[in-house]
Amino acid sequence: MQRKMYLLPKTPMRLSIALAALLGCASEPPLPAQSAQRYQQARQHLAAGRLDSAAYVLEALIRRDTLHYEAALALGQIHLRQKRYQQALSPLARAQRLAPERIEPRLQLAQTLSKLDRQAEARTLFDSIVTAFPGNAVACMAYADLLMTQDQPDAAGALAQYEAILAVDPNHYRARSGKAASLLRLGDFIGAAIRLDTLLTERPDDVYLSFLLGAAHHHLRQYPEAVAAYKRAIDVLPPASPQRTVRQWNLRLAYIEAYGTYPGDLELAHQIGLAPLAEASPVRFTDVAATAGVGKRDRGRGVAWLDYDTDGDPDIFAAGIQAPHALYRNDGDGRFADVSAAADLADPRGGWAAIAADYDSDGHPDLFTTREAWEGLAPNSLYRNQGDGTFRDVAPQAGVAGADDSFMAVWTDYDNDGLPDLYVASGITGSGRPNRLYHNQGDGTFADRGAQAGVAYRGKTLGVTCGDYDGDGDSDLYAIDVAAPNHLYRNDGQHFTDVTTEAGVAKPGEGSYVGFFIDSDGDGDLDLFVSAMNFYEDIVQSQITGLALRPTRAYLYRNDGATFRDIAPQQGLARSFGSMGAGYGDVDYDGLIDIYLTNGGPIMARFEPNTLFHNRGDRFADITAASFVGNPGKGHGVGFADYDLDGDLDLYTAVGGHYPGDLWPNSLYRNEGHHNHFLGVDLGPQAIGAQLRLRAQDLLGVVEISSGPGFGSSNSLSPALGLGTRTRVDTLEIRWPTGAQQVYADLEIDRFHRFAEQP
């Protein structure tokens, strides 16, 4: 999603000039007559725009004169211009060998490796170039571009390249601009704003930097200054620029924060008209994270609710990228105590997914985290709850460390033996690593059965989820690929069958992110929700029109038996979002499951509020504004639980961006209450995969207990089933993962009941 900056050569014109200059040079000793003649022919073809003919002649020349440096370099550059990157490698490598002291072939070869996504090799070569040619502006700018556009951008490394240029030429405008942008990404918002102000006095019409200045003030919460900067960023744009609406959107957010109203005194050119999407809410939330002591500030990722100390109230586990985990003990008075260090969970490596389950059946919930996702291959962690308030990482001994590029994971009892298994998404960086299905062997260890079970998909799997969609008593799996069609695996016993095509659930395809199974329509079977990531421009345009701009939108697949059909457009969900995460829960206990989208994207100037959709039976209503849960940070994990045990559902969400400086505090949204009833169900920590079927007059509610849906996060494993205004429960049927079934009648409402599986 991040735009590329300063890649050289940047245009065919620039490369054509370079070729013409190269073919006209005579810096080397006279060539043999035949080589000179062929070289002249290549020049003539190039001058006439006949690149293929020029390449043909140069190839013949090189076969006869293997030491001809200019011919090798020119041939490589012709392939580059025609985007034949693989063919460019050999002649550019030859030119580098022939003239190791020259910068041109090394630079062109490094850029070719970058184009071929051979990033490690490109970085190594760039390192050697900038070492041999310190402060070379062309090389340093090209290297900085690679560092900022690779799979894991390196803002600090790019900053070092800009500073190397400035050490030689302190007035280099593009290096100064790059430094300001890098400081923004690294979180030095004051330093960025100062430099951007200075640059804009020199070039007041700079379209890009004027927008970054607004973002710097926005992050500093200097909203009046952000308003002024965003106005300027709009004014310098061409009238028909597609960037106008994004800047108007950011201006709107900053203006509301600054003045509490909109559009106020803004000129018409600065205003943005939005579709009437906001609706009234039956509930209201208050963010109490700061006062409750759980406002962890980092690049937040997965979250899990779990009663780790088995004292009867849910505690919080929060993970973030390359930052220590946090374990917050619920003290029962509305506040939490940070016991991360005491519990041996302050792992500085951080993590992505954060999912809870009692994998070893000792009555204490354990934790699994993944890493490093986009950042490459790294071992995952399984933190075993020792039962004494501490945890120990036993992933290597348990066989689930897996040095993969893992992203999400889900606990699932796929073989119905009463022991939770693990399905882990891998391959997100294009490594080719398969998804892992770790079978719980009951002795504290796991075995990867992904290949035997038919679910070892090799793609770029980002999200995974599970649910018994076909009602046959076993858990099915859904794998979400960020760059290709998704996959639905039907559980047929010890093996899974890919039924994606016949079920019709492959989309969104490119841009898919996370998903989960829920009974969205109260008909007794599980439907499937899948989120998608979209460009910021599309998000804003969707706010204007109320419609999705691309096929990569959210999908809600209604379960029709063996097949599904997308009903998102009819349900009001077919809009463009940057949904990196999503979660579900019945926020008003009316018996219908609601959906919460945690939104954002990598660029620092992106401010997209999370979105809460209230399920009204025939459609979902956007109640974000009225419920006060529209956190504008970069949302990821979300989990629901009644943490204060007051009879309503609260939510905790982890927030934080892509770059090191994009830090946000997590939010704990306390539900301020409603008048509906509920039935609380506690099956203990080994409830993974159990399905609850509640009947209360005209209400049929189905909930499957899962750990890991959405952005690898965990709701409370003790769910509350909403009843609305109904005051009686007819029956509660519990379908245990082992196949055992129990039915209860006449249960007291508005309280939790503890159930155990009967032999």
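Hey, any hits in segment 680-688 for a residue that's assigned by TED's automatic domain parsing to the domain that holds residue 361, crowded, with 23+ Cβ neighbours inside 10 Å, without any contact (Cβ under 8 Å) to a residue 60 or more places away in the chain and over 16 Å from the mean Cα position of the chain (by Cα)? Talk me through it step by step, then tell me what you get.
Of segment 680-688, the ones assigned by TED's automatic domain parsing to the domain that holds residue 361 are 680-688.
Imposing the further condition that a residue be crowded, with 23+ Cβ neighbours inside 10 Å reduces the set to 681, 685-688.
From the residues that got through so far, the ones that are without any contact (Cβ under 8 Å) to a residue 60 or more places away in the chain too are 687.
Next, only the ones that are over 16 Å from the mean Cα position of the chain (by Cα) stay: 687.
Yes, there is a match, as at least one residue in segment 680-688 is assigned by TED's automatic domain parsing to the domain that holds residue 361, crowded, with 23+ Cβ neighbours inside 10 Å, without any contact (Cβ under 8 Å) to a residue 60 or more places away in the chain and over 16 Å from the mean Cα position of the chain (by Cα).
The rows are residues; the columns are (1) in contact (Cβ under 8 Å) with a residue 40 or more places away in the chain; (2) farther than 29 Å from residue 350 by Cβ; (3) of a type in the set (Phe, Trp, Tyr).
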position	(1), (2), (3)
611	no, no, no
614	yes, yes, no
620	yes, yes, yes
644	yes, no, no
647	yes, yes, no
652	yes, no, yes
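Taking the stated definitions as given, is residue 247 in the same structural domain as residue 327 (by TED's automatic domain parsing), touching a residue at least 24 places away in the same chain (Cβ under 8 Å), surrounded by 19 or more Cβ atoms within 10 Å (Cβ to Cβ) and charged (D, E, K, R)? I'd like the intermediate steps shown before the answer.
On the way: in the same structural domain as residue 327 (by TED's automatic domain parsing): no; touching a residue at least 24 places away in the same chain (Cβ under 8 Å): yes; surrounded by 19 or more Cβ atoms within 10 Å (Cβ to Cβ): yes; charged (D, E, K, R): yes.
No; evaluated as a whole, the condition is false for this residue.
Scan 352, 305 and give me the residue that is in a strand (DSSP E or B), in contact with an Asp or Glu (Cβ under 9 Å, 6 or more places away or on another chain) and either crowded, with 24+ Cβ neighbours inside 10 Å or assigned by TED's automatic domain parsing to the domain that holds residue 612 (or both). Write out each step before concluding.
Details: 352 fails: in a strand (DSSP E or B).
305 is the lone residue from the list that is in a strand (DSSP E or B), in contact with an Asp or Glu (Cβ under 9 Å, 6 or more places away or on another chain) and either crowded, with 24+ Cβ neighbours inside 10 Å or assigned by TED's automatic domain parsing to the domain that holds residue 612 (or both).
For every residue, the table says whether it meets (1) crowded, with 21+ Cβ neighbours inside 10 Å; (2) in contact with a helix residue (DSSP H, G or I) (Cβ under 7 Å, 6 or more places away or on another chain); (3) in contact (Cβ under 8 Å) with a residue 40 or more places away in the chain.
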{"site": "335", "(1), (2), (3)": "no, yes, yes"}
{"site": "338", "(1), (2), (3)": "no, no, yes"}
{"site": "345", "(1), (2), (3)": "yes, no, yes"}
{"site": "357", "(1), (2), (3)": "yes, no, yes"}
{"site": "361", "(1), (2), (3)": "no, no, yes"}
{"site": "368", "(1), (2), (3)": "yes, no, yes"}
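Among the residues that make up segment 530-542, is at least one of them in a loop (DSSP other than H, G, I, E, B), on the phi > 0 side of the Ramachandran plot and surrounded by 22 or more Cβ atoms within 10 Å (Cβ to Cβ)?
Here is the first cut: in segment 530-542, the ones in a loop (DSSP other than H, G, I, E, B) are 533-535.
Then keep just the ones that are on the phi > 0 side of the Ramachandran plot; that gives none.
No - not one qualifying residue is present in segment 530-542.
Filter segment 461-479 down to the residues that are farther than 18 Å from residue 408 by Cβ and free of Cβ contacts under 8 Å to residues at least 60 places away in the same chain and list them by number. Reasoning before the result, please.
We begin by selecting, within segment 461-479, every residue farther than 18 Å from residue 408 by Cβ; these are 468-474.
Result: 471, 472.
So that you can scan it fast, the table gives a plain yes or no per residue for (1) aliphatic (A, V, I, L, M); (2) farther than 20 Å from residue 529 by Cα:
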position: 685; (1), (2): no, yes
position: 691; (1), (2): no, no
position: 696; (1), (2): yes, yes
position: 701; (1), (2): no, no
position: 713; (1), (2): no, no
position: 718; (1), (2): no, yes
position: 728; (1), (2): no, yes
position: 737; (1), (2): no, yes
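Within segment 610-652, take every residue that is acidic (Asp, Glu) and surrounded by 17 or more Cβ atoms within 10 Å (Cβ to Cβ) and give me the one that is nearest to residue 515 (Cα to Cα). Can you show your working first?
Residues of segment 610-652 acidic (Asp, Glu): 618, 622, 642, 644, 646, 648, 650.
With surrounded by 17 or more Cβ atoms within 10 Å (Cβ to Cβ) added as a condition, the list becomes 622, 642, 644, 648, 650.
On the way: 622: 19, 642: 23, 644: 28, 648: 24, 650: 20 Å.
If we take residues in segment 610-652 being acidic (Asp, Glu) and surrounded by 17 or more Cβ atoms within 10 Å (Cβ to Cβ), then 622 is nearest to residue 515 (Cα to Cα).
Would you point out which residue out of 492, 476 is surrounded by fewer than 24 Cβ atoms within 10 Å (Cβ to Cβ), within 30 Å of residue 756 (Cα to Cα), of a type in the set (D, E, K, R) and over 19 Å from the mean Cα position of the chain (by Cα)? Walk me through how you get there before you give the answer.
Details: 476 fails: surrounded by fewer than 24 Cβ atoms within 10 Å (Cβ to Cβ).
When all the criteria are applied, what remains is 492.
Select from segment 654-679 the residues that are more than 15 Å from residue 294 (Cα to Cα) and either among the hydroxyl-bearing types (Ser, Thr, Tyr) or without any contact (Cβ under 8 Å) to a residue 24 or more places away in the chain (or both) and list them in ascending order.
659
Which of the residues belonging to segment 637-676 are among the hydroxyl-bearing types (Ser, Thr, Tyr) and under 23 Å from the mean Cα position of the chain (by Cα)?
At the first step, the residues of segment 637-676 found to be among the hydroxyl-bearing types (Ser, Thr, Tyr) are 643, 652-653, 659, 667, 669.
Correct list: 652, 653, 659, 667, 669.
Is it the case that segment 622-634 has a residue that's over 19 Å from residue 218 (Cβ atoms), touching a Pro at 6+ places or on another chain (Cβ under 8 Å) and part of a strand (DSSP E or B)?
no
Quickly run through segment 27-79 and pick out the residues that are among the acidic types (Asp, Glu) and out of contact with any helix residue (DSSP H, G or I) (no Cβ under 8 Å at 6 or more places or on another chain). Let's see the steps before the verdict.
So the first thing to find is which residues in segment 27-79 are among the acidic types (Asp, Glu), and the list is 28, 52, 59, 65, 70.
Within segment 27-79, 52 is the sole residue that qualifies.
Report yes if residue 163 is over 20 Å from residue 222 (Cα atoms), assigned by TED's automatic domain parsing to the domain that holds residue 241 and without any contact (Cβ under 8 Å) to a residue 40 or more places away in the chain, otherwise no. Step through it out loud before you land on a result.
On the way: over 20 Å from residue 222 (Cα atoms): yes; assigned by TED's automatic domain parsing to the domain that holds residue 241: no; without any contact (Cβ under 8 Å) to a residue 40 or more places away in the chain: yes.
No, not satisfied.
Among the residues of segment 377-413, write down those that are out of contact with any Gly (no Cβ under 8 Å at 6 or more places or on another chain), part of a loop (DSSP other than H, G, I, E, B) and of a type outside the set (D, E, K, R).
Those that are out of contact with any Gly (no Cβ under 8 Å at 6 or more places or on another chain), part of a loop (DSSP other than H, G, I, E, B) and of a type outside the set (D, E, K, R): 377, 386, 389, 390, 399, 400, 401, 402, 403.
Test of understanding: among 353, 357, 409, which residue is more than 18 Å from residue 463 (Cα to Cα) and at pLDDT 95 or above? Full working, then the answer.
On the way: 353 fails: more than 18 Å from residue 463 (Cα to Cα); 409 fails: more than 18 Å from residue 463 (Cα to Cα).
Result: 357 is the single residue among 353, 357, 409 that is more than 18 Å from residue 463 (Cα to Cα) and at pLDDT 95 or above.
Among the candidates 633, 601, single out the residue that is at pLDDT below 95, over 21 Å from residue 568 (Cα atoms) and either in contact with a helix residue (DSSP H, G or I) (Cβ under 9 Å, 6 or more places away or on another chain) or not assigned by TED's automatic domain parsing to the domain that holds residue 306 (or both).
Values: 633 fails: either in contact with a helix residue (DSSP H, G or I) (Cβ under 9 Å, 6 or more places away or on another chain) or not assigned by TED's automatic domain parsing to the domain that holds residue 306 (or both).
From the options 633, 601, the qualifying one is 601.
Could you check, for segment 730-744, whether at least one of its residues is surrounded by fewer than 20 Cβ atoms within 10 Å (Cβ to Cβ), touching a Pro at 6+ places or on another chain (Cβ under 9 Å) and either on the phi < 0 side of the Ramachandran plot or modelled with pLDDT of 95 or more (or both)?
yes
Quick check on my filter: what residues within segment 562-582 are part of a loop (DSSP other than H, G, I, E, B) and either buried (at least 24 other Cβ atoms within 10 Å of the Cβ) or without any contact (Cβ under 8 Å) to a residue 40 or more places away in the chain (or both)?
567, 573, 574, 575, 576, 577, 578
Which members of segment 698-748 meet the condition of being of a type in the set (S, T, N, Q) and either assigned to a strand (DSSP E or B) or closer than 19 Å to residue 469 by Cα (or both)?
Let us first name the residues in segment 698-748 that are of a type in the set (S, T, N, Q), namely 706-707, 713-716, 718, 725, 727, 731, 738, 741-742.
Result: 706, 707, 714, 731, 738, 741, 742.
Considering (1) surrounded by fewer than 24 Cβ atoms within 10 Å (Cβ to Cβ); (2) touching a Pro at 6+ places or on another chain (Cβ under 8 Å); (3) under 28 Å from residue 599 (Cα atoms), say which one residue 670 fails and leave the rest.
The number of the failed condition is (2).
I'd like the full set of residues that are within 15 Å of residue 708 (Cβ to Cβ) and among the β-branched types (Val, Ile, Thr), limited to segment 410-445. Walk me through it before giving the result.
Pass one, segment 410-445, residues within 15 Å of residue 708 (Cβ to Cβ): 410-414, 420-426, 435-438, 440.
410, 412, 424, listed by residue number.
Examine segment 388-405 for a residue that is surrounded by fewer than 24 Cβ atoms within 10 Å (Cβ to Cβ), touching a helix residue (DSSP H, G or I) at 6+ places or on another chain (Cβ under 6 Å) and assigned by TED's automatic domain parsing to the domain that holds residue 353, and state whether such a residue exists.
Looking for residues that are surrounded by fewer than 24 Cβ atoms within 10 Å (Cβ to Cβ), touching a helix residue (DSSP H, G or I) at 6+ places or on another chain (Cβ under 6 Å) and assigned by TED's automatic domain parsing to the domain that holds residue 353, one finds at least one in segment 388-405, hence yes.
I'd like the full set of residues that are over 16 Å from residue 466 (Cβ atoms) and aliphatic (A, V, I, L, M), limited to segment 397-435.
Within segment 397-435, 398, 400, 401, 403, 428 qualify.
The values are calculated or read from the model by the stated rules, or taken from the named source; none is laboratory data. None of the values given here were measured: they were computed from a predicted structure. So basically every Cβ, Gly included, is an ideal-geometry build from the backbone, and we count neighbours across all protein chains shown.
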